[in-house]
Each structure stands twice: as structure tokens, then as C-alpha cells.
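The values are calculated or read from the model by the stated rules, or taken from the named source; none is laboratory data. Predicted, not measured: the structure shown is a model, and the values here were computed from it. Note that each Cβ is placed from the backbone with ideal geometry, even for glycine, and that neighbours are counted across all protein chains shown.
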Amino acid sequence: MPSIRTFKTFLAVVKHGTFAAAGKEIGLTAAAVGLQIRSLEEDLNQALFDRGARSVVLNTTGRRIAAQVEELVLRYEALAASGDSDELSGTVVMGALVSALMGAFADALWSLKQAHPRLVVKLLAGLSSDFAVKVEQGELDAAVVTQPPRPLSSSLVWTPLYTEPMVLIVPRHPHFDLAGDPLEILRRSPFLRFDRQTWTGYLVNDALQQCQVTVRDEMELNSVEAIVEIVRQGFGISIVPRLANVQWARDQGLKVISLPGTDVQRHVGLIERARHGRQRFTGAIKQYFQASEGKNRLKRARARQG
């Protein structure tokens, strides 16, 4: 009878395509991985992979049982976790936009870590589009990403967490003449554009289209924090998401200006597989933001009444 460990080895080989790469993930030599796979195939009395000189590929039988094996492992992990009461523990591998770590998501992680000291979160920084692929392939348990501009694979689920308006940022001490009107600033000033091939880049394009202006592209970058720093130094302007929990009003190097006649917002959310072994953790993240939004609504209501 194959063990859960053998099933996990099988899934690692499916994900990585070689015994060596799978072994690095689970802490076994390539030879040991190969022995477990051969043992599994003997137990099931059927080959699961087509073997090549440098890689192994699932055959028809392997593809048929892969989803069932993953389901078995998920059920076992859920059973093993049921004795942990309400405490989250173990290691979660997350992807996150660096800009999300600068804002509200960092607070959520800190809160969860304080409540669950046995929880270990490994964070990888990157771009939303890259994270979607890695989550689907099982390299990441989940990721914090911008709302996808296109429909996702049916195996993935995106849940909104919070919203950030797209705003104009300008330097307080520019190395160029800065107009007084926001639209004239956009037309005349050197523009630092967020990579137009990224999901946030699409939102910048939407904002510019709503403003009906043509900008002077000076530079194109794929990092909000890099753009913000260059603006601080006085070398250009940009349109970026107004990052949640960042104290923009206290910034000594730049000013934030609302874009007239636009309503473009960046929706930041959690992307995960429809079924995976860390749903208690992702559920806790979503509950944190639901509670935060409830508190914010109450504050706004009291402010209107006051």
C-alpha cells in the first residue's frame, strides 16, 4: 500500500518534471525519488510516467490519477491539522507584490504571526502575472496580486482584499518646470511609466485614457517603489496606486494629487487554487481584511455622524 509520503513524492515529480528537482524539494536524492516512483508503479501495476534522458512526463494513466492523488494528500493534511485546535502552524509559501508588503498586507501577516507563533511564512516578491502561474503549478500556496485583467484558469480563485486608487505623484523639488494643473503636469513633465505589460501597467493606461492626455514617457519600470524613489529625487512624475497604510502626507519628497475625472482603482486580492492544503491560512488572511473593512466602515459612519 503506497504511503502519503510516496504520494507527495509523486506530486513533486509531477510539478518539477525530474527526479532530481523533486528530490531537492522534499529532501531526497534523485535515486531515492526514482525508487519511490517505481514502487508506486509496481503497487498500482501500471506505469505513470514516460521517461526521457533528462525528464519524466506524465503519461495518460498518470494524468488520470494525479488529481485523485492530490485530493488524497489534501484530505490527509486536513486530518493531520484537525488536532491543532484553532492555531495555524507549519510553513506557508506565499508570493506578494513588494508594494503590498509596503502596505496593508504586511499588517495582516504581522497580526497572524502574533496570534500563531508556530506559523512560518516564506515570502517571495514578484509580479502578479508570474505568481498566477506559480500558484497554479503548486510552487506557491497562494499570492497577493492585482486583480487579473483576464479570466483565470478554472483551477484558480481570486478573492478581493482591499482597494487602492490610482493617483498622480509629483516631486516637491523637481529638476524641471512643474505646472500647476494636474492635466498639464501629465502633458509636460517627464513620465515614469509602470511596465505596461503588467497588470498594474494596464491600470495606468486606463487612468491616462480617462484623463485624455498624452504623456512624455521618460522611463518604464516594473517596480512601484523604484518609481516612487525616482519621483522623490525630482526626476519625473508618475501614476501609481495609493498604497494602503503608507503615510503619503508625511512624505518630504513627493506630493500625491488626485487624478481629475478618473475612477481607476487597483484591487488587490488573494489568488489560490480552488483546493489546496493551506486553506485555513488563506481563510485567516481573508477574515483579517473583512474585519478591517468592517472597522473602516464603522469609522466612516461615525465621522459622517460627527
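Output the residue which, of all residues in the stretch 215-243 that are touching a Pro at 6+ places or on another chain (Cβ under 6 Å) and either closer than 18 Å to residue 203 by Cβ or not assigned by TED's automatic domain parsing to the domain that holds residue 189 (or both), is modelled with the highest pLDDT.
The extreme case among them is 231.
Considering each residue of the stretch 249-280, count those that are modelled with pLDDT of 90 or more and either part of a helix (DSSP H, G or I) or β-branched (Val, Ile, Thr) (or both), and give that number.
The total comes to 6.
Considering only residues of the stretch 41-80 that are in contact with a Gly (Cβ under 8 Å, 6 or more places away or on another chain) and assigned to a helix (DSSP H, G or I), which is modelled with the highest pLDDT?
The qualifying residue modelled with the highest pLDDT is 73.
Can you name the number of the only condition in (1) within 14 Å of the chain's Cα centre (by Cα); (2) modelled with pLDDT under 85 that residue 145 fails?
Of the numbered conditions (1) within 14 Å of the chain's Cα centre (by Cα); (2) modelled with pLDDT under 85, the odd one out for residue 145 is (2).
Could you tell me whether any residue of the stretch 220-229 is in a strand (DSSP E or B) and over 20 Å from residue 176 (Cα atoms)? So that I can check it myself, show each step before the final result.
So in the stretch 220-229, the residues in a strand (DSSP E or B) come out as 220-221.
Filter again for over 20 Å from residue 176 (Cα atoms), leaving 221.
Yes, the stretch 220-229 contains a residue that is in a strand (DSSP E or B) and over 20 Å from residue 176 (Cα atoms).
Determine, yes or no, whether residue 188 is more than 21 Å from residue 147 (Cα to Cα), outside the structural domain of residue 126 (by TED's automatic domain parsing) and of a type in the set (D, E, K, R).
yes
Can you confirm whether residue 122 is at pLDDT below 90 and not in a helix (DSSP H, G or I)? Steps first, please.
On the way: at pLDDT below 90: yes; not in a helix (DSSP H, G or I): yes.
The answer is yes for residue 122.
Yes or no: the stretch 197-216 includes at least one residue that is part of a loop (DSSP other than H, G, I, E, B), surrounded by fewer than 16 Cβ atoms within 10 Å (Cβ to Cβ) and within 25 Å of the chain's Cα centre (by Cα).
Checking the stretch 197-216: at least one residue is part of a loop (DSSP other than H, G, I, E, B), surrounded by fewer than 16 Cβ atoms within 10 Å (Cβ to Cβ) and within 25 Å of the chain's Cα centre (by Cα).
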